[in-house]
There are 2 protein chains.
Amino acid sequence: MTILRSSHRLPAATPERGIPDATVARLPVYLRALNALIEQGTGTCSSNDLAAQAGVNPAKLRKDLSHLGSYGTRGVGYDVEYLSYQIAREIGQTQDWDVVIVGVGNLGSALSAYQGFSTRGIRVAALVDTSPERIGTEISGITVSALQDLTAIVAEREIAIGIIATPGEAAQKVADALVEAGITSILNFAPALVQVPEGVDVRKVDLSIELQILAYHEQRKAGLDKVVNG
Amino acid sequence: MTILRSSHRLPAATPERGIPDATVARLPVYLRALNALIEQGTGTCSSNDLAAQAGVNPAKLRKDLSHLGSYGTRGVGYDVEYLSYQIAREIGQTQDWDVVIVGVGNLGSALSAYQGFSTRGIRVAALVDTSPERIGTEISGITVSALQDLTAIVAEREIAIGIIATPGEAAQKVADALVEAGITSILNFAPALVQVPEGVDVRKVDLSIELQILAYHEQRKAGLDKVVNG
DNA sequence: AAGAGTTTGTGAACGCGTTCTCAAAATCGA
DNA sequence: TCGATTTTGAGAACGCGTTCACAAACTCTT
Ligand SMILES: NC(=O)c1ccc[n+]([C@@H]2O[C@H](COP(=O)([O-])OP(=O)(O)OC[C@H]3O[C@@H](n4cnc5c(N)ncnc54)[C@H](O)[C@@H]3O)[C@@H](O)[C@H]2O)c1
Ligand SMILES: NC(=O)c1ccc[n+]([C@@H]2O[C@H](COP(=O)([O-])OP(=O)(O)OC[C@H]3O[C@@H](n4cnc5c(N)ncnc54)[C@H](O)[C@@H]3O)[C@@H](O)[C@H]2O)c1
């Protein structure tokens, strides 16, 4: 059976100046670098300074920032606080985003305990599981709810982002439940594809693959050694 | 006219056919899809079938596979088991890769408990921490060692891959210790840049950024709603 | 044996992201 | 005011990855 992938068409218009994904992914890095500069009392910085701090090419940094507007001054550089605010505003970090975690096992528990999200505008607002042993228990100060309550929780707290931290077999069902509940962005840790309707964003984090990529390169290094030394 | 035989051309050179990173990252996905096909008893499959199973474009799949060699038969497709083995061999999944996790807090503990790595040729072989409370305790059946023992452990067990799961402030020191101990591939979960010498691979997983990217798109959706609805 | 149907492997076009480069815009000292 | 210096913003070239499109290679039917 074929799945018809309706549209990777672009609407002829594109009235909204969207920022390239590659850039969006780096803006939080710049923000962290800028905050480090603020802490050490820096008032302005050049693209060279900031790029070094963020670990990217200066030209790339300037191109990235040019997508937001012209916030620098030629011959001077960027006002650190001003730029920091502009980036924060652009990526929506001037407000907090509530997320719900589905599946509070090893990974879900670690995520819900993580303090680092709050400084990035992310707040774990709810935990959901199906295991009777977990429902009702408190994890990192949040009471675990049943999957049936998902819709009510999402509506009540106006949650837009959901995290799937269940086993792979449950991932599609959980994704369906999240979409049904009104979630429009999903971060999926399960090693499984999930299908969602148009308008819902899904990002996947596959830690096994990250390690397998490293293993591949390790194997190549070993192979080269053999060629050279053996 | 003379033909200059002596190369600055790449002749028979480029002895190492490297596979593009983008392809390497997808090979494990194909492998998982192939294993699913094996389980349901499929003997051969077309690039269309496999691509659907893996969630990619069929042309992309064929291009990816062409980097490994010609393992398909025109008019027929791919032998599922044969292709599965070829991919596994290519990405080094015919052997087990030992990894050491440094920092056995919330995340490190979740990783060490994860059963899913073993089926992908990854084995958590050692745990390291600096906290006296953790050193000597057993987590997921592995006794936590002190950071000072890292070099001995890496040497003894021939570990090539290390995972940084410590707070960001410790990340660079840990990376230095890993490199010093002989590690040549690092997966970094800490929200910090780490500098390593040439020859050492570093991949970074930043979960905050994943969520921030979703938040950015959520904000855009909200903005568009406003434009459309009033 | 030949023609119809299927599917791979790859050349070529395309699009996106990165990097190079430099004119324009700002500061500063004389 | 002018020239030297700094630094941004963006045009242009480049490279990589994706997708299209099709000839070549294979099977099956007649
Ligand atoms: N733990 C890790 O370090 C790690 C690493 C890589 C990938 N992952 C992936 O992340 C996911 C979670 O891993 P984990 O180690 O936390 O697993 P886990 O088994 O510890 O936890 C899974 C949790 O999901 C719950 N659950 C099961 N079905 C559910 C459903 N339909 N709805 C709601 N909750 C449900 C279970 O009750 C359990 O609490 C898995 O898909 C795993 O492959 C985990
Ligand atoms: N927990 C999460 O879900 C999560 C999410 C995103 C990012 N992270 C990042 O992953 C890393 C670990 O997070 P965590 O929540 O597990 O933190 P944690 O505080 O629970 O654990 C950190 C562990 O590292 C150990 N440690 C500290 N300094 C060390 C050193 N120099 N050498 C060896 N061990 C050392 C500590 O003793 C502790 O056991 C952090 O950088 C965090 O920002 C975690």
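Data overview
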quantity	calculated
Considering residues of the stretch B:182-206 that are within 7 Å of chain A (Cβ to nearest Cβ) and within 21 Å of B:Val104 (Cβ to Cβ) only, the residue nearest to DNA strand D (Cβ to nearest atom)	B:Arg203
In the stretch A:33-53, residue farthest from ligand 1 (Cβ to nearest atom) [restricted to those that are within 13 Å of another protein chain (Cβ to nearest Cβ), in contact (Cβ under 8 Å) with a residue 12 or more places away in the chain and surrounded by fewer than 21 Cβ atoms within 10 Å (Cβ to Cβ)]	A:Gln53
Restricting the stretch A:149-159 to residues that are out of contact with any strand residue (DSSP E or B) (no Cβ under 6 Å at 6 or more places or on another chain) and over 18 Å from A:Gly136 (Cα atoms), the residue that is farthest from the other protein chains (Cβ to nearest Cβ)	A:Glu156
Enumerated helices (runs of 4 or more DSSP H) restricted to the stretch B:57-169, each holding at least 1 residues that are farther than 27 Å from B:Pro191 by Cα and either open to solvent by 10 Å² or more (accessible area, probe 1.4 Å) or in contact with a helix residue (DSSP H, G or I) (Cβ under 6 Å, 6 or more places away or on another chain) (or both)	B:58-66, B:80-90, B:150-157
Residue within the stretch A:165-180 that is touching a strand residue (DSSP E or B) at 6+ places or on another chain (Cβ under 7 Å) and free of Cβ contacts under 8 Å to residues at least 24 places away in the same chain present	yes
Filter result for B:Thr73 (closer than 25 Å to B:Gln40 by Cα and not assigned by TED's automatic domain parsing to the domain that holds B:Ala190)	yes
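The values are calculated or read from the model by the stated rules, or taken from the named source; none is laboratory data. On a predicted model such as this, the values are computed, not experimentally measured, just so you know. Neighbour counts are summed over all protein chains in view; Cβ atoms, including those assigned to glycine, are modelled from backbone coordinates with ideal geometry. The protein model used for the area step is the full one, side chains on, heavy atoms only, and it has no ligands, DNA or RNA in it. Shrake-Rupley method; radii C 1.70, N 1.55, O 1.52, S 1.80 Å.
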